[in-house]
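The numbers here are math on the coordinates, done by the rules we state, and not lab data. On a predicted model such as this, the values are computed, not experimentally measured, just so you know.
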Amino acid sequence: AFRIVADLVNNAVRHAQARQVRVHLRRHSTALELCVSDDGRGFGRGEDTPLTGIGLRGVRTRAAYLGGSVAIEVPKVGTRVRVRLPC
């Protein structure tokens, strides 16, 4: 979980040029939910291959290895990535 958050924060700062990154962790009875959101330029706004970069591939691989899932949301500003991992 730590490496997933670290990769998402690193991606937001390096690639999205985000000035602000928020990390929320919430534990449910059967899962840990991680949400990383930023105010960067977002996917589809200058990216050549949106949603398929090496960083996101690593996040998806780690989550899948742990039996989790990844959801990417692209609001009007920035990006939000939600990761759900079973406990």
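Some values worked out for this structure:
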item	result
Gain in span if fully extended, residue 30 to residue 61, counting 0.36 nm per residue against the direct Cα distance	9.1 nm
Identified option (computed Kirkwood radius over Cα pairs in Å; candidates (1) 12.9; (2) 20.3; (3) 16.0)	(1)
Between helix 2-14 and the chain: long-axis angle, C-alpha atoms, 0 to 90°, nearest 10	10 degrees
Helix 54-65 vs. the chain, principal-axis angle (Cα, 0 to 90°, nearest 10)	10 degrees
